[in-house]
Amino acid sequence: MLETYQILATKDTRSGFGEGLHELGQTNPNVVALCADLVGSLKMQKFIDENPDRFFQIGIAEANMMGIAAGLTIGGKIPYTGTFANFSTGRVYDQIRQSIAYSHKNVKICASHAGLTLGEDGATHQILEDIGMMKMLPNMKVVVPCDFTQTKLATIAISKFDGPCYLRFGRPKVPVFTTEDQDFQIGKAQVLAEGSDVSIIACGHLVWKSIEAARILKEKGIEADVINMHTIKPLDEEAILRSVQKTGCVVSAEEHQRNGGLGGSIAQVLAVHHPAPMEMVAVNDSFGESGKPEELMTKYGINTANIVEAAEKVVNRKKVNIF
C-alpha cells in the first residue's frame, strides 16, 4: 500500500480550504464567510467574487467575528470564519467557549497558518496548543487534514454537521498525495499502509512524513501500519485499537505540542483499553521561532527521521516489555 501514495503536486492546504469554500458557495446557499482582514492568506477571494452578499469583512476584531458568526446561525446560516490559527483560538477562546461551543452554534472555525510551518512569522504566530484547546471544548469537532485535496474535502464535509467544528490547516506548500475520490468521513481514520510491527498514527503535515518514515522502516525490516487520523475529535478509537492490538506498539506524529494533542488522545484510549508502548513525535513543551518550515521541523524534532527513530525505539521497547 505504501507504493500507492505518490506526490501528485505540491500545494498549500489553505488553498484547499479556499477551493472547498468556493464549491460550497456554489452548492449551499446557507454558507456564509467571515474574515478578520486576511482574505488573501485564507484564499477566500473566489468565494467573495461569486457571493459578495454572503461575505463579511470584520477587520482585525476576531472576538467580534466569533460573536457575529454565532448570531448568524440563529437565522439558519452556516458561517465559516477565517483567520490564522493563533487568532482563531487563543485570542478568542472565551467567545468560542461561551457563544459557540456552550451554545452549540453551527459555526465552522477555519484556521490557517497553524504550527511551526508558519515559518518566518515566528513564535508569537506559531500556535502549537490549539488542538488541545479546541478538543477539550464540549460539542466541538476537531479536524486536521493532511494535504490540499483532503482539506478541500474536509471544508465541504464539516458543512454537513450540525454543530461547531474546528478545521486546522497550514501555510506552506506540501505534497499532495490523496485524491478527490477518497472515502473521506469525519471521525473515520484512513489506513494508508498495513504492517505488523508498529502503528504510526499522524495528522496534518506529519502524515506524508509518516509515509516517508514507513518506507525507510520497511527497508530496515520493520513493517508499519500508517494511519491518517485526520479527525482528532471525535476520535476513531476503533481504528487505534485495531491497529495497536495487532502491532503491539505505537508512534503518534503531529505538528503540535506533545501535551494536549493527538498523542495525548491516543494515549488516553490505550490507557483505558489496551496499554502498549508508545512514543510521541511532537514539539516538546516549547515555543517555536522564526525560520524556514523544514528547518524548524528538523530542529524541533517533528520530521521524517524523528518518526523513524521513534518507531525503532518503541519496537525495541515492545521486545523487552518496557512501557
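Over the chain, what is the relative contact order in whole percent, taking alpha-carbon pairs under 8 Å and six or more residues apart?
Working: 750 pairs, mean separation 58.9, N = 323.
Answer for the chain is 18 percent.
Secondary structure note: in the chain, about 25% of the DSSP beta bridges are antiparallel. For the listed peptides 49-62, 190-203, a ranking on the average number of other beta carbons within 10 Å per residue, highest first, reads 190-203, 49-62. Taking amide H as placed 1.01 Å from N in the peptide plane, the amide H of V281 sits under 5 Å from that of S252, A253, E254, each at least 5 places away or on another chain. Would you work out if the chain is rounded, prolate or oblate? Take a ≥ b ≥ c from the square roots of the eigenvalues of the alpha-carbon gyration tensor; rounded if a/c is under 1.5, else prolate when a/b is larger than b/c, oblate otherwise. Cα axes put the chain in the prolate bin. In angstrom, the C-alpha Rg and Dmax of segment 46-134 are 13.6, 40. Against the chain, whose longest principal axis comes from its Cα atoms, helix 148-157 is set at around 60 degrees.
Neighbour counts of C-beta atoms inside 10 Å place V269, V107, V92 in the sequence V269, V92, V107, starting with the fewest. Backbone phi angles across segment 234-244, fed through the Karplus curve with coefficients 6.51, -1.76 and 1.60 (θ = phi - 60°), yield HN-Hα couplings of x, 7, 7, 5, 4, 5, 4, 5, 4, 6, 6 Hz in residue order; Gly and Pro are listed as x. Taking Cα atoms only, the orientation of helix 206-219 departs from the longest principal axis of the chain by about 20 degrees.
Past 32 Å, Cα to Cα: identify those pairs from K11/K135; K11/K246; K11/K319; K43/K218; K160/K299, in the order given.
Numbers: K11/K135 27 Å; K11/K246 35 Å; K11/K319 40 Å; K43/K218 38 Å; K160/K299 39 Å.
Check vs 32 Å cut-off fails for K11/K246; K11/K319; K43/K218; K160/K299.
Extent along the principal axes, Cα only, for segment 190-317: 40, 33, 26 Å, with the longest axis given first. The eigenvalues of the Cα gyration tensor, multiplied by 5 and square-rooted, give segment 12-68 an equivalent ellipsoid with semi-axes of 18, 14, 9 Å from largest to smallest. With K and R counted +1 and D and E -1, the other residues having a Cβ less than 12 Å from that of S290 yield a net charge of -2. Placing unit charges on the Cβ atoms of the charged side chains and taking the dipole of segment 11-176 about its Cα centre, the candidate lying farthest along the positive direction among L42, A111, Q150 is Q150.
Each reported figure results from applying straightforward, stated rules to the coordinates on display, with no laboratory input. Just so we're clear, the structure is a prediction, and the values are computed from it rather than from any experiment. Using ideal geometry, Cβ is built from the backbone for each residue, glycine included, and neighbour counts are taken over all protein chains shown.
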